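The values are calculated or read from the model by the stated rules, or taken from the named source; none is laboratory data. Just so you know, these numbers come straight off a predicted model, no measurement behind them. Virtual Cβ from ideal backbone geometry, glycine too; neighbours counted across all protein chains shown. We work out accessible area using only protein heavy atoms, side chains counted, and drop any ligands, DNA or RNA first. Shrake-Rupley method; radii C 1.70, N 1.55, O 1.52, S 1.80 Å.
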Amino acid sequence: MSKKTFLILLPVSVWAGCLKPDIESSSTGVFQSFWTEMDRHYAYFDYKGTDWDAIHTQYAPQAAQADEEALRDLLCTIIQDLEDGHVNLYTPAGICGYPFWERGPSDPPDLERISLTAAVDFSTVLYGGYLQQQPELGYIWIKNFSSEIGEYAAIGEALDYFSGSRGLIIDLRGNGGGSDRNSELVAGHFATKETLYRRFRYRNGPNHDDFTPWIEDNIAPLGNTYTKPVLLLTNRSCFSSTEDFILAMKRFDHVQTVGDTTGGGSGNPIFRELPNGWIYRFSHWQMQTADGRFFEGIGLPPDHYQHSSAEDNTDRILERSIELLN
């Protein structure tokens with residue numbers, strides 16, 4: 001290439017390079033980035049029967065004409081139609097996603113209705129005490145699984161506190177999840193032997209059915225083991241790592257669940273950034289129960305179904321758990 005030719009092409013190259021960020025951050029560029037990244041990495045297209053190419057055909061022309069607000073609405077519509085609680089879009093206008101909890105009663109526990117002989121904050125996430133109406137029964141509310149892991153190590157102290165109990169109620173209602181390592185730390189104090197509790201596989205190729213082999217995950221005893229009867233209180237707001245906790249706990253003969261079916265979130269989300277700075281996340285793996293059943297979008301049914309709502313004058317799920325332990 002001659003120097004003259006180089007000098008002619010250089011301004012064109014610089015001009016094109018300056019335009020590229022604008023093209024990528026345009027409504028079309030943002031939509032295409034979202035669609036392409038999901039196409040390559042989202043784990044549940046085939047499972048949900050989603051025609052992702054048809055989504056592109058339907059929405060790409062609309063995206064090309066969309067302003068920022070309309071583009072956000074368009075992406076939120078696509079996300080909600082996936083019916084996956086682990087797919088969300090985060091923008092300055094707020095967060096959108098699929099409201100999995102609306103498929104059934106999901107009222108969180110009203111602590112004013114739960115009378116304890118002496119309330120104890122074992123940590124910022126573990127609260128409990130002995131029930132006034134049944135002083136030999138212990139009660140623990142696990143608020144979330146999203147705090148620092150050290151907060152969950154307090155389960156050892158809590159189980160020391162309940163060593164003289166006849167049984168234990170663990171309230172998971174309203175717990176939307178967090179880290180499965182936190183849930184495993186707590187569940188390990190109820191395990192008597194190493195036990196398979198779930199299996200998962202990662203999306204790892206361009207085709208929607210490209211996955212790694214299934215990986216088995218065990219729960220192991222962590223000491224100070226509680227083996228007396230345990231009832232887990234569940235509802236539709238129990239999601240993600242809370243469901244991991246339930247999967248693990250249900251592998252132990254002394255544990256049962258009472259309440260409503262859980263939210264059905266098994267996707268292990270990863271986060272991505274769009275060219276305009278918006279953040280989104282989506283499910284990157286598939287998970288099954290230890291016996292090979294999917295529960296994504298379905299949830300985990302309780303051993304003992306008990307409806308409860310905010311209009312009740314009593315906590316029907318808690319009352320039912322007391323009856324079962326008696």
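Condition test on Gly223, is it in a helix (DSSP H, G or I), of a type outside the set (Val, Ile, Thr) and either modelled with pLDDT under 95 or open to solvent by 40 Å² or more (accessible area, probe 1.4 Å) (or both)?
Details: in a helix (DSSP H, G or I): no; of a type outside the set (Val, Ile, Thr): yes; either modelled with pLDDT under 95 or open to solvent by 40 Å² or more (accessible area, probe 1.4 Å) (or both): yes.
Against the criterion (in a helix (DSSP H, G or I), of a type outside the set (Val, Ile, Thr) and either modelled with pLDDT under 95 or open to solvent by 40 Å² or more (accessible area, probe 1.4 Å) (or both)), Gly223 does not qualify.
Go through the residues of the range 307-320 one by one and say whether even a single one is surrounded by 15 or more Cβ atoms within 10 Å (Cβ to Cβ), out of contact with any Ser or Thr (no Cβ under 8 Å at 6 or more places or on another chain) and basic (Lys, Arg). Scanning the range 307-320 turns up at least one residue that is surrounded by 15 or more Cβ atoms within 10 Å (Cβ to Cβ), out of contact with any Ser or Thr (no Cβ under 8 Å at 6 or more places or on another chain) and basic (Lys, Arg). Residues in the range 40-66 that are assigned to a helix (DSSP H, G or I) and free of Cβ contacts under 8 Å to residues at least 40 places away in the same chain: Asp53, Ala54, Ile55, His56, Thr57, Gln58, Tyr59, Ala60, Pro61, Gln62, Ala63, Ala64.
Can you name the residue in the range 32-57 that is polar (S, T, N, Q) and exposed (fewer than 13 other Cβ atoms within 10 Å of the Cβ) and, of all such residues, is nearest to Pro269 (Cα to Cα)? Checking each candidate, the answer is Thr36.
Please work out which residue is surrounded by the most Cβ atoms within 10 Å (Cβ to Cβ), limiting yourself to the range 233-250 and to residues that are touching a residue at least 60 places away in the same chain (Cβ under 8 Å) and out of contact with any helix residue (DSSP H, G or I) (no Cβ under 6 Å at 6 or more places or on another chain). Full working, then the answer.
Initial filter on the range 233-250 (touching a residue at least 60 places away in the same chain (Cβ under 8 Å)): 233-246, 248-249.
Then drop every residue that is not out of contact with any helix residue (DSSP H, G or I) (no Cβ under 6 Å at 6 or more places or on another chain), which leaves 234-235, 238-240, 242-243, 246.
Values: Thr234: 30, Asn235: 28, Cys238: 32, Phe239: 24, Ser240: 27, Thr242: 28, Glu243: 28, Ile246: 26.
The selected residue is Cys238.
The strands (runs of 3 or more DSSP E) located wholly in the range 110-217 that include 3 or more residues which are out of contact with any Leu (no Cβ under 9 Å at 6 or more places or on another chain) and under 30 Å from Lys48 (Cα atoms) occupy 195-202. A count restricted to the range 59-74 and to residues that are open to solvent by 30 Å² or more (accessible area, probe 1.4 Å) and within 18 Å of Ile279 (Cβ to Cβ) stands at 4. Look at Leu231 and say whether it is part of a strand (DSSP E or B) and within 19 Å of Leu159 (Cα to Cα). Spelling it out, Leu231 is indeed part of a strand (DSSP E or B) and within 19 Å of Leu159 (Cα to Cα).
For first residues located in the range 252-268 and without any contact (Cβ under 8 Å) to a residue 60 or more places away in the chain, partners that are among the hydroxyl-bearing types (Ser, Thr, Tyr) and lie 6+ apart or on another chain with Cβ distances below 6 Å form the pairs Thr257/Thr234; Thr262/Thr234.
Looking only at residues in the range 193-212 that are of a type outside the set (D, E, K, R) and touching a Ser or Thr at 6+ places or on another chain (Cβ under 6 Å), the one that is surrounded by the fewest Cβ atoms within 10 Å (Cβ to Cβ) is Asn204.
Annotation: Gln132 fulfils all but one of (1) at pLDDT below 95; (2) open to solvent by less than 10 Å² (accessible area, probe 1.4 Å); the unmet one is (2).
Note on the range 75-94: residues that are in contact with a helix residue (DSSP H, G or I) (Cβ under 9 Å, 6 or more places away or on another chain) and crowded, with 19+ Cβ neighbours inside 10 Å amount to 8.
Report whether or not Asn268 is open to solvent by 10 Å² or more (accessible area, probe 1.4 Å) and within 21 Å of Arg281 (Cβ to Cβ). Quick ask: steps written out before the conclusion?
Values: open to solvent by 10 Å² or more (accessible area, probe 1.4 Å): yes; within 21 Å of Arg281 (Cβ to Cβ): yes.
Judged against the criteria, Asn268 is a match.
In summary, strands (runs of 3 or more DSSP E) completely within the range 249-293 and bearing 2 or more residues that are under 28 Å from Leu318 (Cβ atoms) occur at 255-259. Restricting attention to the range 294-310, does a residue exist that is under 15 Å from Tyr42 (Cα atoms), more than 15 Å from the chain's Cα centre (by Cα) and in contact (Cβ under 8 Å) with a residue 12 or more places away in the chain? No, every residue in the range 294-310 fails to be under 15 Å from Tyr42 (Cα atoms), more than 15 Å from the chain's Cα centre (by Cα) and in contact (Cβ under 8 Å) with a residue 12 or more places away in the chain.
Of the residues making up the range 264-275, those that are modelled with pLDDT of 95 or more and within 11 Å of the chain's Cα centre (by Cα) number 4.
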